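This report concerns only the one structure given below.
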Amino acid sequence: MQQLIIYGCGGHGQEVAWIAERTEQFNVIGFFDDFYQSDTYLGYPVFQDFSSISKHNYFVVALGDIDTRKKVISTLIENGFDKFPSIVDPSAIISPTTIIEEGVVVFPKCVVSMNVKLKAFCNINVGSTISHRSIIGSYSNICPGVDICGDVSIEEDVFIGAGATIIDHICVGRGTSIGAGSVVMHNLIGNSLYIGVPARFKKELGGKQ
């Protein structure tokens, strides 16, 4: 059983700990958080010093904010921690042809269909569905209840709000955010915010290149 440390004492971390324990593949030995003001969280010890942690342990970064997640992962690698398992809730339905890269978390009740690719460190949140031959880019965050149809390409650093729908054969550019409940019916340029039914351009976002 893999010894797992969860980075982040927040709501996201609570859920990831629950999923990890449900898989029966991981033993959660604690949380890591620089700013948490207690020695324990949910009954687990809280680490704040890398020197007290074995390099043989595995980390999952349970932070919803994409930029912060990327910075934390870089910091962990710089400090010699390079074991990032993918964690899939037992209730998720995953096609045997799905490719799941390192650091991915798939939450309960998700459905991932044939020949989908989940790239490194993306999050697929509760009850989301991803249809055939779609690609979810690295670090992207798919919120609860999102429906992604077939042959969709989600580039890196994309945020898709709860309950959004992406119809088939759509490309969403890098760094774009899609508002909750939106319906995407055409390709979206990068580093932009889209909201509505159908999803419409609202404003440019800061570049994340």
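Tabulated values for the structure
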| read-out | value |
| --- | --- |
| Hey, PHE59 modelled with pLDDT of 95 or more, within 17 Å of CYS122 (Cα to Cα) and part of a strand (DSSP E or B) or not | yes |
| Failed condition for TYR139, given (1) in the same structural domain as GLN14 (by TED's automatic domain parsing); (2) touching a helix residue (DSSP H, G or I) at 6+ places or on another chain (Cβ under 7 Å) | (1) |
| Selected residue (criterion: farthest from LYS55 (Cα to Cα)) from residues of segment 84-118 that are among the charged types (D, E, K, R) and surrounded by fewer than 17 Cβ atoms within 10 Å (Cβ to Cβ) | LYS109 |
| Tabulated pairs, segment 153-172, first in the same structural domain as TYR194 (by TED's automatic domain parsing), second part of a loop (DSSP other than H, G, I, E, B) and among the acidic types (Asp, Glu), C-beta under 6 angstrom, 6+ apart or interchain | ASP168/ASP151; HIS169/ASP151 |
| Some residue of segment 27-37 being in a loop (DSSP other than H, G, I, E, B), of a type in the set (Gly, Ala, Ser) and either outside the structural domain of ILE135 (by TED's automatic domain parsing) or surrounded by fewer than 20 Cβ atoms within 10 Å (Cβ to Cβ) (or both) | no |
| Candidates GLY127, GLY150, GLY137 - the one that is touching a Lys or Arg at 6+ places or on another chain (Cβ under 7 Å) and farther than 22 Å from ASP65 by Cβ | GLY150 |
| Subset of segment 55-85 (residues that are of a type in the set (Gly, Ala, Ser) and either more than 24 Å from ARG22 (Cβ to Cβ) or not assigned by TED's automatic domain parsing to the domain that holds GLN37 (or both)) | SER74, GLY80 |
| Of all residues making up segment 163-209, the number that are out of contact with any strand residue (DSSP E or B) (no Cβ under 7 Å at 6 or more places or on another chain) and at pLDDT 95 or above | 12 |
| Matching residues in segment 182-192 - criterion: being under 12 Å from VAL172 (Cβ atoms) and within 23 Å of the chain's Cα centre (by Cα) | SER182, VAL184, ASN187, LEU188, ILE189, GLY190, ASN191, SER192 |
| Any hit, segment 42-56, residues being surrounded by 16 or more Cβ atoms within 10 Å (Cβ to Cβ) and in contact (Cβ under 8 Å) with a residue 40 or more places away in the chain | yes |
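Residues are listed down the side, and each one gets a yes or a no for (1) basic (Lys, Arg); (2) closer than 22 Å to THR129 by Cβ; (3) surrounded by fewer than 20 Cβ atoms within 10 Å (Cβ to Cβ):
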{"residue": "ILE160", "(1), (2), (3)": "no, yes, no"}
{"residue": "VAL172", "(1), (2), (3)": "no, yes, no"}
{"residue": "THR176", "(1), (2), (3)": "no, yes, no"}
{"residue": "ALA180", "(1), (2), (3)": "no, yes, yes"}
{"residue": "MET185", "(1), (2), (3)": "no, yes, yes"}
{"residue": "ILE189", "(1), (2), (3)": "no, no, yes"}
{"residue": "ARG200", "(1), (2), (3)": "yes, no, yes"}
{"residue": "GLU204", "(1), (2), (3)": "no, no, yes"}
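The values are calculated or read from the model by the stated rules, or taken from the named source; none is laboratory data. Note that the structure is a prediction, hence the values are computed from the model and not measured. Please note: Cβ atoms are built from the backbone with ideal geometry, for glycine as well, and neighbour counts cover all protein chains shown.
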